[in-house]
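Asker: Got a structure for you, questions after.
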Amino acid sequence: MKVGSVFIYKLAVAVSNLYFALNGGIRAVNPENVPNTGGVIVAPIHLTSVDPTALACTMPHRRLLAMAKEELWKNKLFGWLIGQIGAFPVRRGEGDTESIRMSIAVLEAGHALLVFPEGTRGDGQTLLPMNRGVAMLAKKTGVPVLPAGIVGTKPKRKGVVVAYGKPFTYAEMATGKNEKENREIFLKRLEDEIARLCSENGLPVRTASSSISQSGVDHRPQQTEDPSSGSSEIPTQP
């Protein structure tokens with residue numbers, strides 16, 4: 001299946017590499033964990049608008065496609081550009097059947113799909129709760145999920161590090177008594193891996209679950225829409 005233009009994607013990555021080179025550089029940690037072929041859900045922490053380009057620059061052997069909030073297509077020129085790069089629109093907070101079908105088709109066609117499991121940008125201190133739509137995509141397609149940590153974009157530092165964990169599948173995590181437990185185990189593993197990758201590379205972040213105190217008070221940051229963010233909450237119903 002064809003999504004956008006490979007040429008424009010490569011041009012965008014080249015420009016992004018130049019940007020990073022002029023701002024302290026960028027490097028990948030454990031890039032060998034990125035599968036060379038086949039469908040894969042790339043699931044990183046989300047901190048800034050630079051995150052997608054940081055990922056694309058550190059996995060040059062894969063073309064990274066992505067869901068983006070449909071509001072970005074209101075500007076026709078910008079919408080055309082990100083569409084050519086490899087983004088497709090999703091309606092946030094709705095049962096967007098078309099975007100789910102597109103995501104499944106992209107993964108089943110063997111592409112790498114960027115999905116921000118937090119749904120929007122976090123504060124760089126505590127991960128937002130994992131969106132269950134990630135689990136739904138992983139279960140329906142059977143493709144591995146690749147956790148990733150991004151360090152250096154927020155707070156901004158000289159040089160950016162993208163750390164990749166080992167990919168795992170939903171089936172490998174399905175050790176619970178029922179589907180609810182399976183989903184929780186899968187999302188907990190993803191959450192823990194993202195937090196570990198960030199912390200080991202200089203950005204200590206707490207998981208959403210660990211931010212709930214023993215008193216039962218929930219101190220987690222709330223998921224609020226960031227109007228400038230290109231990320232999307234994943235619809236959870238097909």
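Asker: Tally up the residues in the stretch 6-25 that are farther than 17 Å from V151 by Cα and in contact (Cβ under 8 Å) with a residue 60 or more places away in the chain, please.
Answerer: Result for the stretch 6-25: 3.
Asker: Return the residues of the stretch 6-62 that are small (G, A, S), closer than 21 Å to G159 by Cα and surrounded by fewer than 19 Cβ atoms within 10 Å (Cβ to Cβ); say none if nothing qualifies.
Answerer: A14, S16, A21, G24, G25, S49
Asker: Residues that are surrounded by fewer than 14 Cβ atoms within 10 Å (Cβ to Cβ) and free of Cβ contacts under 8 Å to residues at least 40 places away in the same chain: does the stretch 63-75 have at least one?
Answerer: Within the stretch 63-75 (the criterion being surrounded by fewer than 14 Cβ atoms within 10 Å (Cβ to Cβ) and free of Cβ contacts under 8 Å to residues at least 40 places away in the same chain), the answer is yes, since at least one residue qualifies.
Asker: A follow-up question, please. Only residues that are part of a helix (DSSP H, G or I) and either at positive phi or in contact (Cβ under 8 Å) with a residue 24 or more places away in the chain (or both): list them for the stretch 148-181, please.
Answerer: Correct list: Y170, A171.
Asker: Okay, next question. Within the set of pairs 6+ apart or on separate chains, which have a first residue in the stretch 49-61 that is within 19 Å of G39 (Cα to Cα), a second that is among the polar types (S, T, N, Q) and at pLDDT 95 or above, and C-beta atoms under 7 Å apart?
Answerer: A56/S16; C57/S16; C57/N17; H61/N36
Asker: While we're looking at this one, here's another question. Quickly run through the stretch 116-147 and pick out the residues that are outside any helix (DSSP H, G or I), surrounded by 23 or more Cβ atoms within 10 Å (Cβ to Cβ) and either without any contact (Cβ under 8 Å) to a residue 12 or more places away in the chain or of a type in the set (G, A, S) (or both).
Answerer: Within the stretch 116-147, just G119 meets the criteria.
Asker: Return yes or no: is S215 modelled with pLDDT under 95 and assigned to a helix (DSSP H, G or I)?
Answerer: So S215 fails the test.
Asker: Which pairs do you get when a residue that is under 15 Å from N131 (Cβ atoms) and without any contact (Cβ under 8 Å) to a residue 60 or more places away in the chain, found in the stretch 186-197, comes within reach of a residue that is of a type in the set (A, V, I, L, M, F, W, C) and in a helix (DSSP H, G or I), reach meaning Cβ atoms under 7 angstrom, with the pair 6+ apart or on two chains?
Answerer: F186/A135; F186/A138; F186/M173; R189/M173
Asker: Kindly establish whether L22 is out of contact with any helix residue (DSSP H, G or I) (no Cβ under 9 Å at 6 or more places or on another chain), farther than 26 Å from D192 by Cβ and aliphatic (A, V, I, L, M).
Answerer: Taking the combined requirement at face value, the residue satisfies it.
The values are calculated or read from the model by the stated rules, or taken from the named source; none is laboratory data. Fair warning: this is a prediction, and the values are worked out from it, not measured in the lab. Virtual Cβ from ideal backbone geometry, glycine too; neighbours counted across all protein chains shown.
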